[in-house]
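Contents: one structure, followed by commentary.
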Amino acid sequence: MFDLRSYLRYLKSEKRYSAHTIQAYQNDLKQFSEFLSGTYELNDHLVVNHSHIRSWLVNLTEHKLEAKSIRRKVSALKSFYKFELKSGRIKVSPTAKLIVPKVKKMLPVFVNEKQMSEVAFETNEENSFSSKRDHLIFELLYNTGMRCSELVSLKDSSFDFYGRSLKVLGKGNKERIIPLSKELVEQLREYRKERVKKFDVSISFFVTDGGKSIYPRYVYRVVNKLLSELSTVEKKSPHVLRHTFATHMLNNGAEINAIKELLGHTSLAATQVYTHNTIEKLKDVYKKAHPKS
């Protein structure tokens with residue numbers, strides 16, 4: 001078994017490592033030590049070479065361990081041998097030439113356009129203040145692509161009903177303007193009118209049935225409930241509506257740079273993930289339509 005005491009003390013002294021990460025690294029290194037002992041009868045980490053580590057990674061892959069978990073284990077080894085290198089106990093790290101497996105990118109989950117129209121239809125049937133508010137929360141998330149945190153922080157002053165736009169304060173206090181449809185503006189006006197009549201004064205634009213500001217968990221429950229009734233997607237969070245907004249915009253011809261601005265992304269790379277969903281749709285059309293597909 002490797003002696004990890006000095007290494008673990010080093011990790012604990014570094015503020016950038018959380019307790020969870022330290023525990024994970026410790027478990028990974030113990031697992032590697034047990035593999036070396038059982039496979040090679042090797043108990044000295046100072047004589048470990050590249051081949052030993054590659055053999056362990058192959059073993060992990062054969063046992064169907066996910067690429068993400070393997071990458072973390074490699075990270076633990078690299079950190080450990082970097083420490084040993086700095087300590088002067090080794091001259092070359094056996095992890096120097098390691099090639100880690102790529103993590104498969106998960107495509108954003110989104111709701112198709114037909115299901116979204118059904119959600120809108122169903123939620124319009126009730127006419128209570130609570131129902132209108134919940135429907136409006138859902139519609140605003142889908143129509144603007146804003147984050148849940150951004151919606152929760154909305155105030156009356158965030159809206160320009162005459163200019164049909166909405167001012168949002170995003171990550172890093174970065175402000176952006178999002179256009180609103182005429183129909184959505186009318187719904188927002190009607191909701192505000194009823195809210196003022198019901199509660200008079202309000203700090204936030206959206207309030208609970210008791211007149212208090214809504215909170216992220218409340219928004220999650222609203223979205224989850226409405227999507228659970230009509231959609232088959234596994235994830236049913238407010239962020240799914242953000243993904244849905246971006247995907248539908250792309251599918252209907254919007255430029256990716258425009259979507260980047262609407263979403264408040266600082267980098268185009270963050271927005272480009274949505275193009276994969278569009279490409280998958282094109283592939284599906286190609287397979288169904290082309291005689292030699």
All conditions in (1) of a type outside the set (Asp, Glu); (2) assigned to a loop (DSSP other than H, G, I, E, B); (3) modelled with pLDDT of 90 or more; (4) closer than 18 Å to Arg5 by Cβ are true of Asn43 except (3)
Run down Glu194, Glu229, Glu261 and say which single residue is among the charged types (D, E, K, R) and more than 24 Å from the chain's Cα centre (by Cα).
-> Glu194
Tell me, which residue of segment 153-172 that is exposed (fewer than 13 other Cβ atoms within 10 Å of the Cβ) and within 17 Å of Leu262 (Cβ to Cβ) is modelled with the highest pLDDT?
-> Gly163
Failed condition for Tyr218, given (1) surrounded by fewer than 20 Cβ atoms within 10 Å (Cβ to Cβ); (2) closer than 30 Å to Thr275 by Cα, with all others met?
-> (2)
If you take the residues of segment 123-135 that are of a type in the set (D, E, K, R) and in contact with a Phe, Trp or Tyr (Cβ under 7 Å, 6 or more places away or on another chain), which of them is modelled with the highest pLDDT?
-> Arg133
What residue, of Ile99, Ile90, is of a type in the set (A, V, I, L, M, F, W, C), part of a loop (DSSP other than H, G, I, E, B) and at pLDDT 90 or above?
-> Ile90
For segment 54-66, indicate whether the set of residues that are at negative phi, loosely packed, with under 11 Cβ neighbours inside 10 Å, in contact (Cβ under 8 Å) with a residue 24 or more places away in the chain and part of a helix (DSSP H, G or I) is non-empty.
-> no
Answer yes or no as to whether Ala120 is under 30 Å from Lys197 (Cα atoms) and either out of contact with any Cys (no Cβ under 8 Å at 6 or more places or on another chain) or at pLDDT below 90 (or both).
-> yes
From the list Glu194, Glu150, Glu183, Glu175, pick out the single residue that is assigned by TED's automatic domain parsing to the domain that holds Arg242, closer than 28 Å to Glu113 by Cα and surrounded by fewer than 17 Cβ atoms within 10 Å (Cβ to Cβ).
-> Glu183
With the checklist (1) in a loop (DSSP other than H, G, I, E, B); (2) surrounded by 12 or more Cβ atoms within 10 Å (Cβ to Cβ); (3) in contact (Cβ under 8 Å) with a residue 24 or more places away in the chain in hand, flag the one item Phe32 doesn't pass.
-> (1)
Just a yes or no: is a residue in segment 249-264 small (Gly, Ala, Ser), surrounded by fewer than 17 Cβ atoms within 10 Å (Cβ to Cβ) and on the phi < 0 side of the Ramachandran plot?
-> yes
Please enumerate the residues belonging to segment 197-215 that are surrounded by fewer than 17 Cβ atoms within 10 Å (Cβ to Cβ) and either not in a loop (DSSP other than H, G, I, E, B) or not acidic (Asp, Glu) (or both).
-> Lys197, Lys198, Phe199, Val201, Ile203, Thr208, Gly210, Gly211, Lys212, Ser213, Tyr215
When you look at Lys12, is it in a helix (DSSP H, G or I) and of a type in the set (Lys, Arg), yes or no?
-> yes
Would segment 178-194 turn up any residue that is in a loop (DSSP other than H, G, I, E, B) and without any contact (Cβ under 8 Å) to a residue 40 or more places away in the chain?
-> yes
Identify the residue in segment 232-248 that is hydroxyl-bearing (Ser, Thr, Tyr) and buried (at least 16 other Cβ atoms within 10 Å of the Cβ) and, among all such residues, is farthest from the chain's Cα centre (by Cα).
-> Thr247
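The values are calculated or read from the model by the stated rules, or taken from the named source; none is laboratory data. These numbers were taken from a predicted model, which means no experiment stands behind them. Heads up, the Cβs are rebuilt from the backbone with ideal geometry, glycines too, and the neighbour counts pull from every protein chain shown.
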